[in-house]
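The structure appears below as structure tokens.
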Amino acid sequence: MMAATSACKEGTKIAMDNGKYVRYTPEQVEALERLYHECPKPSSMRRQQLIRECPILSNIEPKQIKVWFQNRRCREKQRKEASRLQAVNRKLTAMNKLLMEENDRLQKQVSHLVYENSYFRQQTQNTTLATTDTSCDSAVTSGQHHLTPQHPPKDASPAGLLSIAEETLTEFLSKATGTAVEWVQMPGMKPGPDSIGIVAISHGCTGVAARACGLVGLDPTRVAEILKDRPSWYRDCRAVDVINMLSTANGGTIELLYMQLYAPTTLAPARDFWLLRYTSVMEDGSLVVCERSLNNTQNGPSMPPAVNFVRVELLPSGYLIRPCEGGGSIIHIVDHMDLEPWSVPEVLRPLYESSTLLAQKTTMAALRHLRQISQEISQPNVTGWGRRPAALRALSHKLSKGFNEAVNGFTDEGWSMLESDGIDDVTLLVNSSPGKMMDINFSYSNGFPSMGNAVLCAKASMLLQNVPPAILLRFLREHRSEWADSGIDAYSAAAVKAGPCSLPVPRGGSFGGQVILPLAHTIEHEEFMEVVKLENVGHYQDMIMPSDIFLLQLCTGVDENAVSTCAELIFAPIDGSFSEDAPIIPSGFRIIPLDSGMDASSPNRTLDLASTLEVGVAGNRATGDKSSRGSTKSVMTIAFQFVYEMQLQENVAIMARQYVRSIIASVQRVALALSPSFFGSHAGLGSPPGTHEAQTLARWICQSYRCYMGDELLKHEGSESILKVLWHHTDAVLCCSLKALPVFTFANQAGLDMLETTLVSLQDISLEKIFDENGRKTLFTEFPQVMQQGFMCLQGGICLSSMGRPVSYERAVAWKVVNDEENAHCICFTFINWSFV
């Protein structure tokens, strides 16, 4: 008792099972803390080992140490929760301030609109009175009202630049916090503690404009530093060069910038800007970075037009960064541009006339990048492949930049165009500049190097109709064999005879494209990277050698439920010992929606390729309500790069053209099958969808069900075809062959959704693969009943989709499907009330 009393005077109190308290000495607490940081939840054996290794803990029972660790974990959890709640509280406080400012701005805008309404009403009355006056004075006055004064060139001397900077600051602030632009909330954006911020787009102003307000956990100086480095976060920005810099009397800086933007497709030229950027600190401590174009200046430096670029205008824009109480910053972003839509084909003009697109690509991208940097600083961790988030972000940026360079093919990067073969669908560019080829000879895991002294790029663009970009791109990612050219080996062999050739997506062997390492979601789950393994791929080094190829792959916009500016699949071959500074030669696809109709497409449609890719029981897909889906257009850009030796240029050029043309044909075939307009184009004529074989199979399925079960499978009413009703039936209906190892041959839409597959890939799935071990035992035990008595019933259970996801079902029924001659044709299953677990 005296020892316990002595111990109570020195250490930390803990609870005992008998309700009493004891205290640990500081030395004991230090030893326990060391173990806690190594292992927060030690096993019983580890706790006993700790007692043996630390003599100062020898007088403590293992049960007491167990209680200490429980209490320590509880305190840590409470600390983290308190920290989280404090962070949420700071966010809510800052968001409340933003909302109050927005409310104040809206009230001012309402007052302004009321005043304008009163003014225009008065003007209308005056105009009505003036129409009765036919005097010359009245006519002259009326004509003078519509004259537009021409703005003289602005002075670009140092004093003139300061005047332009101050004017830019005033105009920017009037947009960021005032009513200079009529802002409307961007559709789908709702403010809250977990939202990216308050995002608005312009209504009825010159050019396109977007504005955002948000909270980031970085100090204002750091925020300004990040945002000024536009190429690091704006994927479309090729370069920003500071041409000149001036200091102002108030401690600010004026910079003259030349900025270039990539063209997103081969069908449009790139854009460039000649800019003034003004950075200053306001009286309230806010940091301001504002910019505008210097297109109409004199008496100062200028930037002549660049080849292959269209000079566009940046109207007063920028960043207002306010320090936030408790840390962090409140940031207001305004982007306002005139992108000269007249310079692109009419079908592409929506890309240059949409404020929503500007908000998504530029304004919101800036906020997302800041939030990601803040999160990485506050929660440093190592993700897939042993890389930190910043390293993975750099890799994704490298892939994107390399693809943009291939799509644009700038001459100052060393690209030159090859002569056409008479058909202008595919453009070929070559690049053998030292900068492009520096250290390009990296080795694959089989030890054979990818040798070459030049790069050839084959690129093309095509217009797509009525196919959601996300669905098409997801299909391209998951089903490489559907678009890869089966004849590429012949062209590769022709190049092999003369020397080596390294292909971006080699053919041969197992071309499944197995994802072996998902790396990370880099920008709030809008994109992700992964390493894909292609097994037994032929690498061409004087002869075909079996090897494994690894692809670093960047996927963007594959979620059709998310609003995205484009969908991208960009990949590049890498070696197993790939380092972060190694060069990569990316190839891939980019699909850009051209209108807002894509949002009307059903988010639950699967990737079935009925009718165009399969002949027989598949048939055409049943038509839906086309009017509800809307008509969508998108442009797809394809760019593939090939490393080769210069003496092989002619052979590689022929191979590359044929390779890309075959990909285009495959993509068109897939897009047509995925398009709802394909199977609904004749719906208005009352003709049933699908082939005669598909209609016949649907009739056999329903007749056999009625014969064996004594009930109707479908509630068929009206003039709709049986196949159409079966296709839209809510329960999954699947048919399998009568082989020793049954494989699926047909499924309705619900069946494809349940198996997460397509009608093309359906025949690769055997019946036993979709059941777990217990399900397979039940299936093999009772399956003979189907052939004997014509049907069987299965109790509810779990099956698996082709992607390995568990699917629960209430019950399942299997029956024998017989043809008109009463011979067994296949076995049909229906899974009732299924859902993903």
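Report the calculated FRET efficiency for Arg311 and Met100 (r = Cβ-Cβ distance, R0 = 41 Å), to the nearest 0.05.
After rounding to 0.05, the efficiency reads 0.50.
Given a 1.4 angstrom probe, I'd like the percentage of the accessible area of the stretch 43-94 that is carbon and sulfur, rounded to a whole number.
Accessible surface attributable to carbon and sulfur in the stretch 43-94 totals 52 percent.
Suppose the chain between Glu30 and Ala824 were pulled fully straight at 0.36 nm per residue; how much longer would it get relative to their current alpha carbon spacing?
Contour length minus the Cα-Cα distance gives 278.2 nm.
Taking the Cα-to-Cβ direction at Ala249 and at Leu741 and moving 7 Å from each Cα, how far apart do the two end points lie in nm?
About 8.7 nm separates the two model spin labels.
If you count, for each residue, the other Cβ atoms within 10 Å and average over each peptide, how do 357-363, 38-44 line up from highest to lowest?
357-363, 38-44
Please calculate how many Å² of accessible area the stretch 729-836 carries per residue, with a 1.4 Å probe and no DNA, RNA or ligand atoms counted. The partial results should precede the final answer.
Details: 4830 Å² over 108 residues.
Value for the stretch 729-836: 45 Å² per residue.
Taking the Cα-to-Cβ direction at Phe780 and at Ser766 and moving 7 Å from each Cα, how far apart do the two end points lie in nm?
In this crude label model, Phe780 to Ser766 measures out at 1.1 nm.
Are any of the pairs Lys398/Lys533; Lys361/Lys633; Lys97/Lys361; Lys724/Lys816; Lys175/Lys398; Lys739/Lys816 more than 24 Å apart by Cα-Cα distance, and if so, which?
Result: Lys97/Lys361; Lys175/Lys398 exceed 24 Å.
Quick one: net charge of Val208's neighbours, Cβ under 10 Å, K/R +1, D/E -1?
Residues near Val208 contribute -3 overall.
On a 1.4 Å probe surface of the protein chains, which of Cys74, Cys555 comes out largest in accessible area, and what is the full order?
Numbers: Cys74 65, Cys555 0 Å².
Order by accessible area, largest first: Cys74, Cys555.
When you count, for each residue, the other Cβ atoms within 10 Å and take the mean per peptide, how do 253-264, 766-777 rank with the highest first?
Order by mean packing, descending: 253-264, 766-777.
I'd like the accessible area for Arg75, computed on protein heavy atoms only with a 1.4 Å probe and all protein chains in place. Round to 10 Å², please.
120
Kirkwood Rh, the stretch 158-378, all Cα pairs: how many Å?
Details: mean 1/r = 0.0559 Å⁻¹.
That comes to 17.9 Å for the stretch 158-378.
Ignoring ligands, DNA and RNA, please state the percent of accessible area on the stretch 212-337 from carbon and sulfur, probe 1.4 Å.
51
In whole percent, how big is the carbon plus sulfur part of the accessible area of the stretch 729-836, probe 1.4 Å, protein atoms only?
The nonpolar share, carbon plus sulfur, comes to 48 percent.
Report the accessible area of Thr179, computed with a 1.4 Å probe over the heavy atoms of all protein chains in place, in Å² rounded to the nearest 10.
The value for Thr179 is about 50 Å².
Under a 1.4 Å probe, what is the accessible area of the stretch 158-378 per residue, stated in Å²?
Here the residues of the stretch 158-378 average 39 Å² of exposed surface.
Order 26-32, 785-791 from most to least packed using the mean count of other Cβ atoms within 10 Å.
26-32, 785-791
The values are calculated or read from the model by the stated rules, or taken from the named source; none is laboratory data. Since the model is a prediction, treat every value here as computed from it, not as a measurement. Cβ: placed from backbone, ideal geometry, glycine included. Neighbour counts: every protein chain shown. Accessible surface areas use protein heavy atoms only, side chains included; no ligands, DNA or RNA. Shrake-Rupley method; radii C 1.70, N 1.55, O 1.52, S 1.80 Å.
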